[in-house]
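This report concerns only the one structure given below.
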Amino acid sequence: MDIILVPGFWLDASSWDEVIPALEGAGHAVRALTLPGLESADAPRANIGLRTHIDAVIRTVDSLDGKVVLVGHSGGGAIIHAVVDARPDRVARAIYVDSGPLGEGGVINDDLPAEGDDIPLPPWEGFEEADLTDLDEDLRTAFRARAIPQPKGVAIEQQHLHDVRRYEVPATVIACEFPSSLLNEMMDAGHPFTEELARIKHVELIDLPTGHWPQFTKPAELGKAILTAVERAA
(Lines give C-alpha, C1' and ligand atoms only; values in the text may rest on other atoms or scores of the structure.)
Protein backbone atom coordinates (compact mmCIF):
# COMPACT_ATOMS: atom_id res chain seq x y z
CA MET A 1 0.00 0.00 0.00
CA ASP A 2 1.18 3.53 -0.75
CA ILE A 3 1.06 5.58 2.45
CA ILE A 4 1.27 9.38 2.22
CA LEU A 5 2.30 11.14 5.44
CA VAL A 6 1.25 14.78 5.83
CA PRO A 7 2.86 16.69 8.70
CA GLY A 8 1.19 19.23 10.93
CA PHE A 9 2.18 22.85 11.46
CA TRP A 10 5.86 23.83 11.71
CA LEU A 11 7.06 20.44 10.49
CA ASP A 12 8.48 18.92 7.32
CA ALA A 13 8.82 15.35 6.04
CA SER A 14 11.61 14.55 8.48
CA SER A 15 9.17 14.78 11.39
CA TRP A 16 8.03 11.26 10.43
CA ASP A 17 11.54 9.76 10.41
CA GLU A 18 11.07 7.62 13.51
CA VAL A 19 7.67 6.37 12.35
CA ILE A 20 8.57 5.37 8.79
CA PRO A 21 10.73 2.28 9.56
CA ALA A 22 7.79 0.37 11.04
CA LEU A 23 5.68 1.12 7.97
CA GLU A 24 8.38 0.22 5.48
CA GLY A 25 9.26 -2.86 7.51
CA ALA A 26 5.72 -4.08 6.96
CA GLY A 27 6.20 -3.77 3.21
CA HIS A 28 4.47 -0.48 2.52
CA ALA A 29 5.72 2.30 0.23
CA VAL A 30 5.89 5.49 2.28
CA ARG A 31 5.96 9.06 1.04
CA ALA A 32 6.46 11.69 3.71
CA LEU A 33 5.74 15.16 2.35
CA THR A 34 7.28 18.57 2.90
CA LEU A 35 4.55 21.02 1.97
CA PRO A 36 5.10 24.35 0.18
CA GLY A 37 6.62 27.02 2.41
CA LEU A 38 8.01 24.44 4.83
CA GLU A 39 11.17 23.66 2.85
CA SER A 40 13.31 25.84 5.11
CA ALA A 41 13.14 28.77 7.49
CA ASP A 42 14.00 31.03 4.54
CA ALA A 43 11.39 29.63 2.14
CA PRO A 44 8.87 32.15 0.79
CA ARG A 45 5.44 31.84 2.43
CA ALA A 46 3.49 34.65 0.78
CA ASN A 47 0.45 33.52 -1.21
CA ILE A 48 0.55 30.01 0.25
CA GLY A 49 -2.86 28.99 1.55
CA LEU A 50 -4.71 25.88 2.60
CA ARG A 51 -5.57 25.10 -1.00
CA THR A 52 -1.87 25.24 -1.93
CA HIS A 53 -1.15 22.43 0.49
CA ILE A 54 -4.20 20.44 -0.54
CA ASP A 55 -3.19 20.65 -4.20
CA ALA A 56 0.35 19.51 -3.35
CA VAL A 57 -1.01 16.33 -1.76
CA ILE A 58 -3.43 15.76 -4.63
CA ARG A 59 -0.48 15.88 -7.04
CA THR A 60 1.22 13.16 -5.03
CA VAL A 61 -1.91 10.99 -5.10
CA ASP A 62 -2.24 11.51 -8.85
CA SER A 63 1.38 10.48 -9.39
CA LEU A 64 0.70 7.01 -7.97
CA ASP A 65 -1.22 3.99 -9.23
CA GLY A 66 -4.07 2.46 -7.30
CA LYS A 67 -5.47 3.47 -3.95
CA VAL A 68 -3.52 5.19 -1.20
CA VAL A 69 -3.74 5.66 2.54
CA LEU A 70 -3.52 9.26 3.73
CA VAL A 71 -2.13 10.09 7.17
CA GLY A 72 -2.47 13.63 8.50
CA HIS A 73 -1.15 14.94 11.79
CA SER A 74 -2.77 17.96 13.47
CA GLY A 75 -3.46 20.58 10.76
CA GLY A 76 -2.59 17.91 8.21
CA GLY A 77 -5.95 16.36 9.03
CA ALA A 78 -7.77 19.23 7.33
CA ILE A 79 -5.55 18.78 4.30
CA ILE A 80 -6.08 15.05 3.87
CA HIS A 81 -9.86 15.44 4.32
CA ALA A 82 -9.94 17.86 1.40
CA VAL A 83 -7.89 15.38 -0.63
CA VAL A 84 -10.43 12.68 0.19
CA ASP A 85 -13.10 15.10 -1.03
CA ALA A 86 -11.18 15.69 -4.27
CA ARG A 87 -10.22 12.04 -4.89
CA PRO A 88 -12.70 9.84 -2.99
CA ASP A 89 -12.15 6.94 -5.37
CA ARG A 90 -8.38 6.97 -4.80
CA VAL A 91 -8.23 6.87 -0.99
CA ALA A 92 -8.55 3.53 0.79
CA ARG A 93 -8.50 5.10 4.27
CA ALA A 94 -7.79 8.46 5.89
CA ILE A 95 -5.90 8.37 9.19
CA TYR A 96 -6.07 11.39 11.48
CA VAL A 97 -3.26 11.63 14.05
CA ASP A 98 -4.51 13.67 17.02
CA SER A 99 -6.63 15.41 14.44
CA GLY A 100 -9.84 15.13 12.49
CA PRO A 101 -11.59 16.20 9.30
CA LEU A 102 -12.32 19.91 8.86
CA GLY A 103 -15.75 20.63 7.45
CA GLU A 104 -16.96 23.16 4.89
CA GLY A 105 -16.12 26.75 5.80
CA GLY A 106 -13.89 25.84 8.73
CA VAL A 107 -10.37 27.11 9.32
CA ILE A 108 -7.53 25.22 10.96
CA ASN A 109 -6.57 27.90 13.49
CA ASP A 110 -6.95 31.64 13.02
CA ASP A 111 -5.89 32.43 16.59
CA LEU A 112 -2.18 31.72 16.18
CA PRO A 113 0.01 34.85 16.36
CA ALA A 114 1.51 35.74 12.99
CA GLU A 115 4.49 37.77 11.87
CA GLY A 116 3.70 38.90 8.35
CA ASP A 117 3.18 35.78 6.23
CA ASP A 118 4.67 33.53 8.92
CA ILE A 119 3.35 31.85 12.03
CA PRO A 120 6.38 30.92 14.12
CA LEU A 121 6.17 28.09 16.63
CA PRO A 122 4.71 29.78 19.73
CA PRO A 123 6.33 29.61 23.16
CA TRP A 124 5.46 26.45 25.06
CA GLU A 125 3.37 28.56 27.41
CA GLY A 126 1.01 29.12 24.49
CA PHE A 127 0.00 25.44 24.42
CA GLU A 128 -2.31 23.48 26.67
CA GLU A 129 -0.66 21.10 29.13
CA ALA A 130 -2.30 18.18 27.34
CA ASP A 131 -0.48 19.18 24.15
CA LEU A 132 2.86 18.81 25.88
CA THR A 133 2.35 15.46 27.59
CA ASP A 134 5.53 13.33 27.28
CA LEU A 135 7.30 16.11 25.36
CA ASP A 136 10.28 16.40 27.70
CA GLU A 137 12.90 19.14 27.66
CA ASP A 138 15.15 17.34 25.19
CA LEU A 139 12.26 16.76 22.79
CA ARG A 140 11.13 20.36 23.17
CA THR A 141 14.61 21.62 22.38
CA ALA A 142 14.87 19.37 19.32
CA PHE A 143 11.37 20.34 18.13
CA ARG A 144 12.07 24.06 18.43
CA ALA A 145 15.38 23.68 16.60
CA ARG A 146 13.69 21.97 13.66
CA ALA A 147 10.50 24.08 13.61
CA ILE A 148 9.82 26.04 10.43
CA PRO A 149 7.39 28.98 10.37
CA GLN A 150 3.97 27.92 9.13
CA PRO A 151 2.49 29.85 6.20
CA LYS A 152 -0.21 32.05 7.71
CA GLY A 153 -2.58 31.45 4.82
CA VAL A 154 -2.80 27.73 5.59
CA ALA A 155 -4.05 28.47 9.10
CA ILE A 156 -6.67 31.06 8.18
CA GLU A 157 -7.98 30.07 4.72
CA GLN A 158 -11.42 28.45 4.73
CA GLN A 159 -11.95 24.82 3.84
CA HIS A 160 -14.11 24.20 0.78
CA LEU A 161 -15.53 20.75 0.00
CA HIS A 162 -17.64 19.53 -2.89
CA ASP A 163 -18.18 15.75 -3.00
CA VAL A 164 -20.34 13.92 -0.45
CA ARG A 165 -18.60 10.69 -1.46
CA ARG A 166 -15.95 11.73 1.04
CA TYR A 167 -18.22 10.28 3.73
CA GLU A 168 -17.91 6.83 2.13
CA VAL A 169 -14.12 6.71 2.65
CA PRO A 170 -13.25 4.92 5.92
CA ALA A 171 -11.44 6.95 8.54
CA THR A 172 -9.31 6.22 11.57
CA VAL A 173 -8.60 8.69 14.35
CA ILE A 174 -5.53 8.00 16.46
CA ALA A 175 -6.64 9.67 19.66
CA CYS A 176 -3.82 11.12 21.74
CA GLU A 177 -4.85 14.15 23.79
CA PHE A 178 -8.54 13.27 23.84
CA PRO A 179 -9.49 9.62 24.52
CA SER A 180 -11.78 7.83 22.12
CA SER A 181 -14.50 7.73 24.79
CA LEU A 182 -14.62 11.53 24.80
CA LEU A 183 -14.65 11.71 21.01
CA ASN A 184 -17.56 9.29 20.92
CA GLU A 185 -19.44 11.41 23.45
CA MET A 186 -18.78 14.52 21.38
CA MET A 187 -20.01 12.87 18.18
CA ASP A 188 -23.13 11.60 19.92
CA ALA A 189 -23.80 15.11 21.27
CA GLY A 190 -23.34 16.78 17.89
CA HIS A 191 -20.37 18.84 19.05
CA PRO A 192 -19.10 21.19 16.29
CA PHE A 193 -15.53 19.90 16.69
CA THR A 194 -16.59 16.39 15.63
CA GLU A 195 -19.51 17.26 13.35
CA GLU A 196 -17.71 16.37 10.11
CA LEU A 197 -16.20 13.23 11.63
CA ALA A 198 -19.63 12.03 12.72
CA ARG A 199 -20.85 12.18 9.12
CA ILE A 200 -18.27 9.64 7.94
CA LYS A 201 -19.94 6.25 7.67
CA HIS A 202 -17.05 4.08 8.85
CA VAL A 203 -14.91 5.53 11.66
CA GLU A 204 -12.41 3.64 13.80
CA LEU A 205 -10.87 5.17 16.92
CA ILE A 206 -7.49 4.02 18.27
CA ASP A 207 -6.24 5.29 21.62
CA LEU A 208 -2.60 6.33 21.90
CA PRO A 209 -2.40 8.33 25.14
CA THR A 210 0.28 11.02 24.84
CA GLY A 211 0.54 14.66 23.83
CA HIS A 212 -0.06 16.34 20.50
CA TRP A 213 3.16 15.14 18.85
CA PRO A 214 3.20 11.32 19.10
CA GLN A 215 5.70 11.11 16.24
CA PHE A 216 8.21 12.51 18.76
CA THR A 217 6.91 11.21 22.08
CA LYS A 218 5.78 7.71 21.07
CA PRO A 219 6.97 7.04 17.50
CA ALA A 220 7.05 3.25 17.77
CA GLU A 221 3.53 3.15 19.17
CA LEU A 222 2.35 5.56 16.48
CA GLY A 223 3.84 3.35 13.79
CA LYS A 224 1.95 0.35 15.18
CA ALA A 225 -1.30 2.31 15.35
CA ILE A 226 -0.95 3.44 11.74
CA LEU A 227 -0.23 -0.15 10.68
CA THR A 228 -3.37 -1.32 12.48
CA ALA A 229 -5.39 1.21 10.52
CA VAL A 230 -3.67 0.37 7.22
CA GLU A 231 -4.52 -3.29 7.69
CA ARG A 232 -8.18 -2.30 7.71
CA ALA A 233 -7.65 -0.73 4.28
CA ALA A 234 -5.95 -3.76 2.72
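So here's what we get for this one:
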| item | result |
| --- | --- |
| Packing-based ranking, highest mean first, of 197-209, 163-175, 118-130 given that Cβ atoms within 10 Å are counted | 163-175, 197-209, 118-130 |
| Top positive-direction residue, dipole computed over the chain with Cβ charges, set Ile3, Phe178, Gly190 | Ile3 |
| Rounded, prolate or oblate (a/c below 1.5 giving rounded, otherwise prolate when a/b exceeds b/c) for segment 156-234 by Cα gyration tensor | prolate |
| Segment 1-142: relative contact order in percent, alpha carbon pairs under 8 Å with at least 6 residues between | 22 |
| Estimated 222 nm signal from helices in the chain, with DSSP H stretches of n ≥ 4 weighted -39500 (n - 2.57), rounded to 500 | -9500 deg cm²/dmol |
| Among Asp62, Asp138, Asp17: highest mean-square fluctuation, GNM of the chain, C-alpha pairs under 10 Å | Asp138 |
| Alpha carbon centroid spacing (whole Å) that separates segment 70-146 from segment 215-234 | 17 |
| Probe 1.4 Å, protein heavy atoms only - accessible area per residue of segment 1-58 in square angstrom | 38 |
| Percent of beta bridges antiparallel (DSSP, the chain, rounded to nearest 5) | 10 |
| Relative packing of peptides 8-14, 181-187 - highest average C-beta neighbours within 10 Å first | 8-14, 181-187 |
| For segment 35-124: rounded, prolate or oblate by the Cα gyration tensor [a/c cutoff 1.5] | prolate |
| 9 Å beta-carbon shell around Asp62, net charge (K/R +1, D/E -1) | +3 |
| Listed candidates (1) 17.2, 51; (2) 16.3, 45; (3) 17.7, 58 - label of the one calculated as Rg and Dmax of the Cα atoms in Å | (2) |
| Under 5 Å, built H, 5+ apart or other chain: amide partners of Glu204 | Ala171, Thr172, Val173 |
| Apportionment of accessible area to carbon and sulfur, the chain, percent (1.4 Å) | 49 |
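The values are calculated or read from the model by the stated rules, or taken from the named source; none is laboratory data. Everything numeric here is computed off the predicted structure, so don't read it as measured data. Every residue, glycine among them, receives a Cβ derived from its backbone with ideal geometry; neighbour counts consider all protein chains shown. Heads up: the accessible areas ignore ligands, DNA and RNA and are worked out on the full protein's heavy atoms, side chains in. Shrake-Rupley method; radii C 1.70, N 1.55, O 1.52, S 1.80 Å.
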